[in-house]
Amino acid sequence: MGLISFDLTNPQTSLEWMIYLTSKYFKMFLDGTWLTLYIAVLGTLFGFLLGYIVGIVQDMKIGEGDNAVKKFLVRILKGFASIYVEVFRDTPMIVQAMIIYYGIRQLGVNLEPVLAGIIVTLLNTGAYMAETVRGGIGSVDHGQREGAWAMGMSPMKTMIYIVLPQAFKNIIPEMANTFLTNLKMTSVLNVIAVQELFMAAKTVGGNFYKYFESYLVIAVIYFVLCFVFNKIFNLMEKKLKGKKDYVLAVEYMDSQ
Amino acid sequence: MDNTVISIKDLSKSFGKHEVLRKIDIDVTEGEIICIVGSSGSGKSTLLRCINKLEKQTTGEIFFRGKEIRDVQREINEYRAKVGMVFQSFNLFSNMTVLENCMLCTRKVLHISKEEAFDRAITHLKEVGMAPFINARPDQLSGGQKQRVAIARSLCMNPEVLLFDEPTSALDPEMVGEVLNVMKELATTGLTMIIVTHEMAFARDVSTRTIFMDQGYIAEDAPPSELFSNPKNPRTREFLSRYLAG
């Protein structure tokens with residue numbers, strides 16, 4: 001026996017309880033962690049995709065030379081986009097979860113809680129990302145577009161090859177932030193019976209009436225997850241900044 | 001065969017109530033090197049931007065090889081592919097290397113093969129002395145180098161006309177020369193060029209025709225030998241004396 005010893009058959013202190021609960025319900029916490037990650041990753045990825053699409057729609061301009069059908073379609077799309085963004089930004093995610101889950105069930109569709117959780121997360125992410133993408137597009141110097149237009153690039157191609165790559169780079173920190181937020185926000189999905197970490201803690205805590213210890217366990221798990229991802233994102237950001245120097249193409253030096 | 005490339009007819013442009021261009025008529029003939037001079041706010045840059053359709057004219061028409069350029073995106077794109085533009089602020093794509101900058105539009109607009117795009121890029125980068133820098137990114141270059149790359153990038157499209165919007169105005173004085181030299185070289189190739197500039201010596205020596213703009217009007221349109229030595233319009237005289245004195 002070392003200096004610190006735990007009597008895990010008869011836990012007394014909070015620390016002992018934490019270890020006891022963790023080892024006894026290891027599988028439950030592990031499953032909860034996986035599910036939390038699963039929902040956060042899928043919800044965020046699809047949310048980003050949706051956010052990009054909605055952000056691009058919101059940035060669309062109606063040209064005077066466009067035909068009536070295109071003008072009408074763009075207006076409709078823009079209308080839908082702004083209603084969507086407003087609604088999801090102005091209501092709490094926990095309420096959205098309830099409405100979507102029970103709403104779809106009332107329609108007679110038996111929606112899996114996990115799928116509902118992913119849908120809620122992605123819709124929520126999409127609304128926030130749309131604004132971020134719009135801001136990112138706006139942050140790209142207008143001269144970049146003019147440079148492309150002046151060589152005959154269509155507005156669409158300009159968006160794909162020039163504006164979006166630059167906007168993407170500008171909003172990477174915000175995207176990382178959104179992912180971390182989602183990782184933590186999945187905890188509200190326990191209200192629609194998703195067996196993620198928060199639900200695990202609630203169940204485990206209830207078994208022994210040890211809520212403090214049980215939630216402390218998942219706090220540590222959330223912290224470690226976020227901490228690790230944060231470090232990974234920081235590294236990625238550094239990598240993406242690219243090299244400061246460049247290789248001189250010496251084979252063309254004599255042309256000077 | 002009519003060798004008028006661009007024809008501008010009765011073009012006006014207003015921003016709200018402010019009239020920037022009034023009744024502009026210009027015919028640009030193949031091989032001409034037109035320098036547009038005038039004080040700031042006289043409308044020269046706006047005129048150039050109208051020619052490239054980056055600004056929409058309020059009234060008037062622009063013809064390219066006798067065909068009117070209407071406000072239809074596809075027509076505008078096709079037209080712009082033949083009329084290149086070099087900007088004051090370079091507008092090199094900052095997410096790409098020098099080589100990628102020179103290859104993107106030839107690949108995506110003209111749809112030429114990768115090999116040909118590469119060959120064109122290298123040829124024109126050599127012309128402007130920037131071939132060794134193909135791997136550099138725009139923010140690693142000096143202003144003069146950026147502008148030379150921008151010129152090469154435009155040349156890759158094999159344009160019929162090249163527009164220059166104050167190409168040396170954003171440069172440090174010691175870099176103006178390298179860009180002007182490149183432009184002088186280009187002038188000898190027979191490429192049609194329209195250049196908005198404050199470099200009076202360049203306009204006098206290189207242009208085949210100089211246009212003086214004042215308050216949105218074309219005040220004088222003459223060969224440089226005439227315009228600089230014997231200006232007809234009192235406003236031109238005033239402008240030139242201010243420039244030559246200062």
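The values are calculated or read from the model by the stated rules, or taken from the named source; none is laboratory data. None of these values were measured; they are calculated from a predicted model. Neighbour counts run over all protein chains shown; Cβ positions are idealised from the backbone, glycine included. The accessibility values were calculated without ligands, DNA or RNA, using every heavy atom of the protein model including side chains. Shrake-Rupley method; radii C 1.70, N 1.55, O 1.52, S 1.80 Å.
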Got a sec? Charge dipole of region B:1-156, +1 on Cβ for Lys and Arg, -1 for Asp and Glu; which of B:43, B:128, B:5 is way out at the positive end? B:43
Loop sites in region A:14-91: trypsin sites (Lys or Arg not before Pro), DSSP, at most 13 other Cβ within 10 Å: A:61
From the Cα centre of region B:22-59 to that of region A:186-221, the distance in Å is 70
For the full complex of protein chains and a 1.4 angstrom probe, list B:39, B:94, B:154 by accessible area with the highest value first. B:94, B:39, B:154
Under unit Cβ charges (Lys, Arg +1; Asp, Glu -1), what dipole magnitude, rounded to 20 debye, does region B:146-193 have relative to its Cα centre? 160
Dmax and Rg, reported as Rg then Dmax, of region A:1-129 (C-alpha, Å): 23.3, 83
What's the magnitude of the charge dipole for chain A around its Cα centre, counting Lys and Arg as +1 and Asp and Glu as -1 at the beta-carbon? Answer in Debye, nearest 20. 220
So what is the orientation-averaged projected area of region B:1-153, using the convex hull of its C-alpha atoms, in nm²? 10.8
Can you send over the solvent-accessible area of residue B:240, 1.4 Å probe, protein chains only, in Å² to the nearest 10? 10
Can you flag which of A:169/A:239; B:53/B:82; B:13/B:56; A:70/B:13; B:9/B:67; B:9/B:56 are past 18 Å Cα-Cα? A:70/B:13
Output ³J(HN,Hα) for region B:198-215: one whole-Hz value per residue in order, computed from phi by the Karplus curve 6.51 cos²θ - 1.76 cosθ + 1.60 with θ = phi - 60°, and x for Gly and Pro. 10, 7, 5, 4, 4, 4, 5, 7, 9, 6, 9, 7, 10, 10, 9, 10, 9, 6
Percent of Cα-Cα pairs more than 20 Å apart in region B:72-161, please. 28
Farthest toward the dipole's positive end in the protein assembly as shown, which of A:28, A:51, A:82, given Cβ charges of +1 (Lys, Arg) and -1 (Asp, Glu) about the Cα centre? A:28
Calculate, axis by axis, the spread of Cα positions in the protein assembly as shown along the three principal axes, and write the results as whole Å, longest axis first. 107, 55, 45
At a probe size of 1.4 Å, how large is the accessible area of residue A:241, to the nearest 10 Å²? 150
Listed by chain and number, the lysines with an alpha carbon less than 22 angstrom from that of residue B:232, same-chain partners under 8 positions apart left out, are B:23, B:44
When only alpha-carbon atoms are used, what values of Rg and Dmax, in angstrom, describe region B:137-231? 14.3, 46
A:214, B:89, reordered so the largest accessible area comes first (probe 1.4 Å): B:89, A:214
Starting at 0 and stepping by 5 Å, how many percent of the alpha carbon pairs of region A:21-65 end up in each bin? 5, 19, 12, 13, 10, 9, 8, 7, 6, 4, 3, 2, 2, 1
Taking θ = phi - 60°, what integer Hz values does the Karplus form 6.51 cos²θ - 1.76 cosθ + 1.60 yield along region A:29-43, in sequence order, with x for Gly and Pro? 5, 5, 4, x, 5, 4, 5, 4, 5, 4, 5, 5, 5, 5, x
In region A:147-256, taking the dipole from +1 charges on Lys and Arg beta carbons and -1 charges on Asp and Glu beta carbons about the Cα centre, the listed residue (A:171, A:208, A:230) farthest towards the positive end is A:208
Magnitude of the Cβ-charge dipole of region A:63-118, K/R +1 and D/E -1, about the Cα centre, nearest 20 debye? 120
5 angstrom amide H check on residue B:86, placed H, neighbours 5+ away: B:163, B:164, B:165
Taking amide hydrogens as modeled 1.01 Å from N in the peptide plane, which residues meet the under 5 Å criterion relative to residue B:221, leaving out close sequence neighbours? B:212
Could you give the Stokes-Einstein D for region B:1-88 in µm² per second, using the C-alpha Kirkwood radius, 25 °C, 0.890 mPa s? 180
For chain B, find the longest principal axis of its Cα atoms and tell me its angle to the long axis of helix B:114-127, 0 to 90°, nearest 10. 50
Accessible-area order for A:114, A:140, A:109, largest to smallest, probe 1.4 angstrom, reads A:109, A:114, A:140
Which semi-axis lengths, in whole Å and largest first, follow from the square roots of five times the eigenvalues of the Cα gyration tensor of chain A? 46, 28, 11
Restricting to Cα pairs below 8 Å that are 6+ residues apart, what does the relative contact order work out to for chain A? Please round to a whole percent. 27
Between helix A:164-185 and chain A, what is the angle of the helix's C-alpha long axis to the longest principal axis, kept within 0 to 90° and rounded to the nearest 10? 20
Across region A:102-119, in residue order, what do the Karplus-derived ³J(HN,Hα) couplings come to in whole Hz, using 6.51 cos²θ - 1.76 cosθ + 1.60 with θ = phi - 60° and x for Gly and Pro? 6, x, 5, 5, 5, 6, x, 8, 7, 8, 5, x, 5, 5, 4, x, 5, 4
On a 0 to 90° scale, report how tilted helix B:98-108 is relative to the longest principal axis of chain B, with both axes built from alpha carbons and the result rounded to the nearest 10. 80
Quote the accessible area belonging to residue A:84 in square angstrom, nearest 10, computed with a 1.4 Å probe and with ligands, DNA and RNA left uncounted. 40
Would you tally the net charge around residue B:215, using a Cβ to Cβ cut-off of less than 10 Å, leaving residue B:215 out, and scoring K and R as +1, D and E as -1? 0
